[in-house]
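Asks: Quick one: the structure is below, and I'll ask about it shortly.
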Amino acid sequence: MTFDPNAIRAFEHAGWEKAAPDYVATFAAATAEYVEPLLDAASFGSGDNLLDLCCGPGHVAAAAAARGATAQGLDFSLAMVGLARRRNPALAFRDGLAEKMPLGDATMDAVVSNFGIHHVAHPALAVAEACRTLKPGRRFAFTTWAAPAENIAWRLLFDAIDLYGDRNAANAPPSGGGLASEEAVSRLFRESGFTDIGVTTLHREWRLARPGDLISALRRGTVRTAALIEAQRPAALLAIEAEIARQAAAYRRDGWYEIPIAAILGHGAKPQSA
């Protein structure tokens, strides 16, 4: 399928508008595991101006504010911006594109994005914009999901779909991301002009009460994966759910299902001379 940034943006926008009402109760438990290390990598202090880019419901902005930052959020989904405002009335959230931020040059002490950059139609433009808005010497940090080989939650789903469904059923536009490896993340920072770059893979566990909660969270709280699930035939979906339950039994601990997940955390500094 031909790369079409407008089609990608429209697909992602429609998906996040739909996912917003259920996101906090479903998929947010997985992304929340990476908020604190993301903020650590941004190296900001009390009173610093911080932007939570692709902010969703504003969890990262709220955590940054709890650390003393003057935090704000930006997202292209009005439904997510509205949710962030309702959940965090003391903070400022606005709508806008990551590739063309409504912010001045060198106005931010830190920019962070928790699982947002790989949803952008042009990730390189978004990273360049983060660099533009940063003050010299300050840092941008973002997370992105690692490949399913390390990400058991997705591997359980994809393996079950390969057995009983169709991995190509969604017919979704290709992702603008391609950021599922440390090298891809490092390269994006280098090509965007950042220095003092650090990239690492962080392993966590996603705790779920039932195996069915995994597919429910991915179905109600994501976009591209949700489209893949929704596109499966009803009979195939039943078999997929049963297979996930069988395989998830290996991760049952003390009444919970603790599913391994992995994310890549990248961060870099804007050059002092910029």
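Asks: Among the residues of segment 252-274, how many are surrounded by 16 or more Cβ atoms within 10 Å (Cβ to Cβ) and in contact with a His (Cβ under 9 Å, 6 or more places away or on another chain)?
Replies: The qualifying residues number 3.
Asks: Is there a residue being free of Cβ contacts under 8 Å to residues at least 60 places away in the same chain and either aliphatic (A, V, I, L, M) or under 24 Å from ILE259 (Cα atoms) (or both) anywhere in segment 189-200?
Replies: There is no residue in segment 189-200 that is free of Cβ contacts under 8 Å to residues at least 60 places away in the same chain and either aliphatic (A, V, I, L, M) or under 24 Å from ILE259 (Cα atoms) (or both).
Asks: A further question follows. Between residues in segment 72-84 that are free of Cβ contacts under 8 Å to residues at least 60 places away in the same chain and residues that are aromatic (Phe, Trp, Tyr) and buried (at least 22 other Cβ atoms within 10 Å of the Cβ), which pairs lie under 7 Å by C-beta distance while being six or more apart or on different chains?
Replies: What qualifies is GLN72/PHE93; GLY73/PHE93; VAL81/PHE93; ALA84/PHE93.
Asks: Mind checking which pairs have a first residue in segment 110-134 that is more than 17 Å from ALA64 (Cα to Cα) and a second that is charged (D, E, K, R) and assigned to a strand (DSSP E or B), Cβ under 8 Å, 6 or more apart or different chains?
Replies: LEU125/LYS100; GLU129/LYS100
Asks: Here is a check on your reading of the model: is GLY45 on the phi > 0 side of the Ramachandran plot and part of a loop (DSSP other than H, G, I, E, B)?
Replies: Numbers: on the phi > 0 side of the Ramachandran plot: no; part of a loop (DSSP other than H, G, I, E, B): yes.
No; evaluated as a whole, the condition is false for this residue.
Asks: Restricting segment 124-157 to residues that are touching a Ser or Thr at 6+ places or on another chain (Cβ under 8 Å) and assigned to a loop (DSSP other than H, G, I, E, B), which is surrounded by the most Cβ atoms within 10 Å (Cβ to Cβ)?
Replies: Applying the filter and picking the extreme gives ALA146.
Asks: Being more than 20 Å from ILE117 (Cβ to Cβ) and either modelled with pLDDT under 95 or of a type in the set (Lys, Arg) (or both) is the filter here; which residues of segment 150-168 pass it?
Replies: Step one: list which residues in segment 150-168 are more than 20 Å from ILE117 (Cβ to Cβ), which gives 152, 155-168.
ARG155, ARG167, ASN168 - these are the residues of segment 150-168 that are more than 20 Å from ILE117 (Cβ to Cβ) and either modelled with pLDDT under 95 or of a type in the set (Lys, Arg) (or both).
Asks: Among the numbered criteria (1) touching a residue at least 40 places away in the same chain (Cβ under 8 Å); (2) assigned to a loop (DSSP other than H, G, I, E, B); (3) of a type in the set (A, V, I, L, M); (4) farther than 25 Å from GLN272 by Cβ, which single criterion is violated by ALA90?
Replies: Checking ALA90 against (1) touching a residue at least 40 places away in the same chain (Cβ under 8 Å); (2) assigned to a loop (DSSP other than H, G, I, E, B); (3) of a type in the set (A, V, I, L, M); (4) farther than 25 Å from GLN272 by Cβ, the one that fails is (1).
Asks: Ok, one more. Spot the failing condition for VAL112; the list is (1) in a strand (DSSP E or B); (2) of a type in the set (Val, Ile, Thr); (3) out of contact with any Leu (no Cβ under 7 Å at 6 or more places or on another chain), and only one is missed.
Replies: The single condition VAL112 does not satisfy is (3).
Asks: In segment 169-183, what residues are aliphatic (A, V, I, L, M) and either more than 21 Å from the chain's Cα centre (by Cα) or crowded, with 18+ Cβ neighbours inside 10 Å (or both)?
Replies: Residues of segment 169-183 that are aliphatic (A, V, I, L, M), as a first pass: 169-170, 172, 179-180.
If the condition is that a residue be aliphatic (A, V, I, L, M) and either more than 21 Å from the chain's Cα centre (by Cα) or crowded, with 18+ Cβ neighbours inside 10 Å (or both), then ALA169, ALA172, LEU179, ALA180 are the ones that fit.
Asks: Are any residues in segment 227-240 surrounded by fewer than 21 Cβ atoms within 10 Å (Cβ to Cβ) and either touching a residue at least 60 places away in the same chain (Cβ under 8 Å) or among the small types (Gly, Ala, Ser) (or both), and if so, which ones?
Replies: To start, the set of residues in segment 227-240 that are surrounded by fewer than 21 Cβ atoms within 10 Å (Cβ to Cβ) comprises 227, 230-231, 233-239.
Answer for segment 227-240, where residues must be surrounded by fewer than 21 Cβ atoms within 10 Å (Cβ to Cβ) and either touching a residue at least 60 places away in the same chain (Cβ under 8 Å) or among the small types (Gly, Ala, Ser) (or both): ALA227, GLU230, ALA231, ARG233, ALA235, ALA236, LEU237, ALA239.
Asks: Follow-up. Which residues, taken from segment 161-207, are in a loop (DSSP other than H, G, I, E, B), touching a helix residue (DSSP H, G or I) at 6+ places or on another chain (Cβ under 6 Å) and aliphatic (A, V, I, L, M)?
Replies: ALA170, ALA172, LEU179
Asks: Which of the residues that make up segment 231-270 are in contact with a helix residue (DSSP H, G or I) (Cβ under 7 Å, 6 or more places away or on another chain) and of a type in the set (Asp, Glu)?
Replies: Selection gives GLU241, GLU243, GLU258.
Asks: Given the criteria surrounded by 18 or more Cβ atoms within 10 Å (Cβ to Cβ) and part of a helix (DSSP H, G or I), does LEU51 qualify? Talk me through it step by step, then tell me what you get.
Replies: On the way: surrounded by 18 or more Cβ atoms within 10 Å (Cβ to Cβ): yes; part of a helix (DSSP H, G or I): no.
Considered against the rule, which asks whether it is surrounded by 18 or more Cβ atoms within 10 Å (Cβ to Cβ) and part of a helix (DSSP H, G or I), LEU51 comes out as no.
The values are calculated or read from the model by the stated rules, or taken from the named source; none is laboratory data. It should be emphasised that the depicted structure is a prediction, and the values quoted were computed from it without experimental measurement. For neighbour counting, all protein chains shown are included, and Cβ atoms are generated from backbone atoms with ideal geometry for every residue, glycine included.
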